[in-house]
Amino acid sequence: MTPEAWYILLYSAGVLSVAVGMVVVSFVLGQRHRERATDEPYESGIATTGSARLRFSARFYLVAMLFVIFDLEAVFIFSWAVALRELGWAGYAAALVFIGVLVAALVYEWRMGALDWGVAKRKNRSDAPSEETRK
Amino acid sequence: MREIVFHLLVVVCVLGGTLSMAGALIWLERRLLALWQDRYGPNRVGPFGLFQPVADAIKIFTKEDWIPPFADRAVFVAAPAVIVVTVLMSFAVVPFAPGVWVADLNVGLLFLFGMSSLGAYSLILAGWASNNKYSLIGGLRAAAQTISYEVFMGLSLMGVVMLAGSFSLRAIVEAQQGVWFCVTQFPALVVFLIAGLAETHRLPFDMPEAESELVAGFHSEYSGMKFGMFFVGEYLAITLLSALATVLFFGGWLGPVLPPLVWFVLKTGALICGIILLRASLPRLRFDQLMSLGWKILLPVALLNIVVTGAIALLGK
Amino acid sequence: MTVIFYLSAIIAVAATFLAITRTNAVHALLYLAVSLLAVAMVLFTLGAPFAAALEIVIYAGAIVVLFVFVVMMLNQGTATIRRERAYLTPSMWIVPGLLTLVLFAELVCVVAWVPEAAGAPAEAIGPKAVGMALFGPYAIAVEMASLLLLAGLIGAFHLGRRDEE
């Protein structure tokens, strides 16, 4: 095992003890008190209505999905970028095709309105050629 | 033997230095904001209010350390620790001066990406575990924002990696002996800084906490030092972002006359002040603007930068 | 290095077991993330730093985040926990468990009898070597992967959109 690995392990141990220390010290030193509304979630001062286990629009999910797929594409680009000079023009051509497909995907999502959030989205719908596709 | 002692010293100094930097930043930011807004800022505790962070620390450590009974206890406690650990771990691969680093990994940059993506857990889990509506919305926003901007940040740095031919941050600094990458990779620098700010969810990208609409977003239910850890994590993240911009674009420790470490600190300090000035001068974006900015401007710019840089690097070979 | 390898391997197995048995989906996913981080450590000790870093960036940092995100959005509450508990009756897991055991036995046999299958490479494979292999001899596979990802993107968009209306 290289000395470098030991240093990084030592450093990680230091970092972990700092984080744990902060939590523990604050727990030990902190005050305690109980009032009538102490145990209620904060909702701008009014009594809470309903549970916080809400459900959300699937659009958030779309962002996450886009992210994961683009992250995967980025990783391929990473591995090309680091070996750029060794791979030469042949590698460049391969990467260009790869990035081309990525751009095609981006353009498609853009045209279909997957990248529009909020106001822009609604506008898209009203002047929609896709009128017949939605019920 | 001497080398071991030197490295142990480096490990301790990096840890102590970054943490005290976070404390100092709390003071610096309030003073600078006050300066730009034509008021005094903290000036009571010690000369120029310099001991304000110490007073803040004492106060925050003795505040009630409340774990809501409706929260998911284990996750609630772990979430703030995650952000402190991931940001501090990122400093392990930052080269401060020749030989002054905790570790020089040949996948250093990827290690940083990994740590920043793990940092996203902190906000998401804090939002979920709090079991509060504001927190949940803040957590979801944080998730969508940080995970999107990670992609742009990664892609923006690939031009730098191509020119340096390595993921090692030491090699990237050494590749800037001639020209700093802020000249040859200017679009990448802009994308990196914007994406980095969004990653640290600072103004103008602080939608996850947006106090005017979500109270405090994902940390609404946090008190005491657990809140303080999010706070410290944010300042550590600003320091990290500035240090990384220095290493990747502004030649790291390179510079004439002065010793390398001084150059590194000066450049990082200047960038930190720039980031604070941004907070003083820009309003918060809307969430859809944030997403459009990322996917429709930053991503195409980053991709174009990769393609052009690759061609130029190969032509110049 | 060997000590760290075995330590991370044990953590990976234990965390995976906990990920399967937890009834709270978010807790299970956190154990899954821990397990993936431990696997990254295993890869690192075996001399594959690039794969280790990608394990963190992609699996722990992207895919599990996506899972947590979806679980958070759908917020099923206590009903799911009850259903999860029902899934954990022996009749549900005993047959898949046995089949996996057979696969595991095969794996042990392969490692024991084929000497090349076991052991770490003599030296660490850096990121540059991986890039040269991917965009050199395996360029076609990379292009196919890009098409697969394209299909994934389009599919995700259309599935997501239908839900919305």
Approximate spin-label separation A:H33-B:V77, in nm, with each point projected 7 Å along Cα-to-Cβ: 2.4
What does the structure give for B:268-276 when I average, per residue, the other chain Cβ atoms found within 10 Å of the residue Cβ? 0
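At a 10 angstrom cut-off on C-beta neighbours, averaged per residue, how do the peptides B:85-92, C:137-144, C:22-29, B:55-62 rank from highest to lowest? Don't skip to the end; give the middle numbers.
Details: B:85-92: 24.4, C:137-144: 13.6, C:22-29: 17.6, B:55-62: 15.5.
Ranked by mean Cβ neighbours within 10 Å, highest first: B:85-92, C:22-29, B:55-62, C:137-144.
For region B:1-139, calculate the relative contact order in percent as a whole number, restricting contacts to Cα pairs under 8 Å that are 6 or more residues apart. Could the numbers behind the result be given before it?
Values: 117 pairs, mean separation 31.4, N = 139.
It rounds to 23 percent for region B:1-139.
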Chymotrypsin sites (Phe, Trp or Tyr not before Pro) within region B:6-59, DSSP loop, no more than 13 other Cβ atoms inside 10 Å: B:Y40
Length-normalised contact order of chain C in % [C-alpha pairs under 8 Å, at least 6 apart]: 21
Measuring from label point to label point, each 7 Å out along Cα→Cβ, what is the B:R286 to A:V97 span in nm? 4.3
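With the contact rule set at Cα under 8 Å and sequence spacing of 6 or more, what percent relative contact order holds for region B:112-203?
Numbers: 71 pairs, mean separation 27.2, N = 92.
Dividing the mean separation by the residue count of region B:112-203 yields 30 percent.
Rank the residues C:S35, A:S17, B:S122 as a footprinting-exposure proxy: fewest other Cβ atoms within 10 Å of their Cβ go first. Mind showing how you got there, number by number?
Details: C:S35 23, A:S17 12, B:S122 27.
Going from sparsest to densest Cβ surroundings: A:S17, C:S35, B:S122.
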Counting only other chains, and only Cβ atoms inside 10 Å, what mean value do you get across the residues of B:11-20? 3
What distance in nm separates the two pseudo spin-label positions at A:A5 and C:T100, each 7 Å out from Cα along the beta-carbon direction? 2.9
Ranked by Cβ crowding within 10 angstrom, fewest neighbours first, how are A:F76, C:F17, B:F231 ordered? C:F17, B:F231, A:F76
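Using a Förster distance of 22 Å, how high is the FRET efficiency between C:R82 and A:E40, based on the Cβ-Cβ distance and rounded to 0.05? Before the final figure, lay out each step's value.
Details: r = 26 Å, r/R0 = 1.18.
The calculated FRET efficiency here is 0.25.
For a footprinting-style exposure proxy, rank B:W295, B:W66, A:W6 by other Cβ within 10 Å, fewest first. Kindly include the intermediate steps, with their values, before the conclusion.
On the way: B:W295 24, B:W66 19, A:W6 15.
With the sparsest Cβ surroundings first, the list reads A:W6, B:W66, B:W295.
Computed from the coordinates by the stated procedures, all read-outs in this text should not be read as laboratory data. Nothing here was measured: the structure is a model prediction, and the numbers come from that model. Methodologically, a virtual Cβ is constructed for each residue, glycine included, from the backbone with ideal geometry; neighbour enumeration extends over all protein chains shown.
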